[in-house]
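First comes the structure, then the notes that go with it.
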Amino acid sequence: STTLYNAALLSELEIVERYNHSMTVSYVDLAFDAAVSESANKDFRFKNNKDMPILIEAFSEDRKITFRIWGHETRDTKNRKVKFENKVLKEINPPSKEKVTQDPTKPATYRKVTQEAKKGYYAELYKVVYENGKEISRERINKSYYNAEPAHVTVGTKKS
């Protein structure tokens, strides 16, 4: 699926406000994400910096949401190509100490991993422009940091 952030990038619209998720997400590559959170005052905003109006189409199919941005194409699509590449700068191992939740309704022998440990990352996203097959520019679009997270475990504490 194409996220709204990716659709805006591919359309080369001006990104006004973007935040990455606090941890990695499975449905999009590092630095290609945009988090939205009312409680954390995180929003994703972009601006139509083109001379013509645009239309944003959104639909879902098989539990995937896709966004398309339609407009009048003014770019040279024959000789000019745009690619976006992410680069991992640093990988951060998760803490070895587990985050434990005690459950008094489960026996003392009960132990369940409710969330696997997650690595953290520093990553960047680059816009690379090619003309006639040759790279003519490379621009950093964003820099993202994703927290490492320990494994979450639930253990029973019920006395027999």
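The values are calculated or read from the model by the stated rules, or taken from the named source; none is laboratory data. All of these numbers come straight from a predicted model, not from anything done at the bench. With ideal geometry, Cβ positions are generated from the backbone for all residues, glycine too; neighbour counts draw on all protein chains shown. To get the accessible areas, we keep the full protein, side chains included, count just its heavy atoms, and leave off ligands, DNA and RNA. Shrake-Rupley method; radii C 1.70, N 1.55, O 1.52, S 1.80 Å.
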Check on Val153, under 21 Å from Thr24 (Cα atoms) and modelled with pLDDT of 95 or more: yes
Name every residue in segment 106-125 that is open to solvent by 100 Å² or more (accessible area, probe 1.4 Å) and either aliphatic (A, V, I, L, M) or more than 22 Å from the chain's Cα centre (by Cα) (or both), in order of residue number. Thr109, Arg111, Lys112
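Yes or no, residue by residue, for (1) in contact with a strand residue (DSSP E or B) (Cβ under 9 Å, 6 or more places away or on another chain); (2) at pLDDT 95 or above; (3) closer than 26 Å to Leu9 by Cα:
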| position | (1), (2), (3) |
| --- | --- |
| Arg63 | no, no, yes |
| Gly71 | yes, no, yes |
| Asn79 | yes, no, yes |
| Val82 | yes, no, yes |
| Glu85 | yes, yes, yes |
| Lys90 | yes, yes, yes |
| Pro94 | yes, yes, no |
| Lys119 | yes, yes, no |
Please list, ordered by first then second residue, the pairs with beta carbon atoms under 6 Å, 6 or more apart or interchain, first in segment 81-100 and over 19 Å from Lys118 (Cα atoms), second of a type in the set (Phe, Trp, Tyr) and open to solvent by less than 60 Å² (accessible area, probe 1.4 Å). Lys81/Tyr130; Glu85/Tyr126
Residue that is farthest from Asn6 (Cα to Cα), among those in segment 35-61 that are of a type outside the set (S, T, N, Q), in contact with an Asp or Glu (Cβ under 9 Å, 6 or more places away or on another chain) and in contact (Cβ under 8 Å) with a residue 24 or more places away in the chain: Lys50
Residues that are open to solvent by 60 Å² or more (accessible area, probe 1.4 Å) and of a type outside the set (Lys, Arg): find the strands (runs of 3 or more DSSP E) completely inside segment 1-94 holding 1 or more of those. 14-17, 55-61, 64-70, 80-92
Filtering segment 126-142 for residues that are open to solvent by 40 Å² or more (accessible area, probe 1.4 Å), without any contact (Cβ under 8 Å) to a residue 60 or more places away in the chain and part of a strand (DSSP E or B) leaves a count of 10
When segment 143-160 is examined, which residues are found to be outside any strand (DSSP E or B), open to solvent by 50 Å² or more (accessible area, probe 1.4 Å) and not polar (S, T, N, Q)? Lys159
I need the full set of residues from segment 9-27 which are at pLDDT 90 or above, within 15 Å of the chain's Cα centre (by Cα) and within 19 Å of Glu85 (Cα to Cα), in order please. Leu9, Ile15, Arg18, Tyr19, Asn20, His21, Thr24
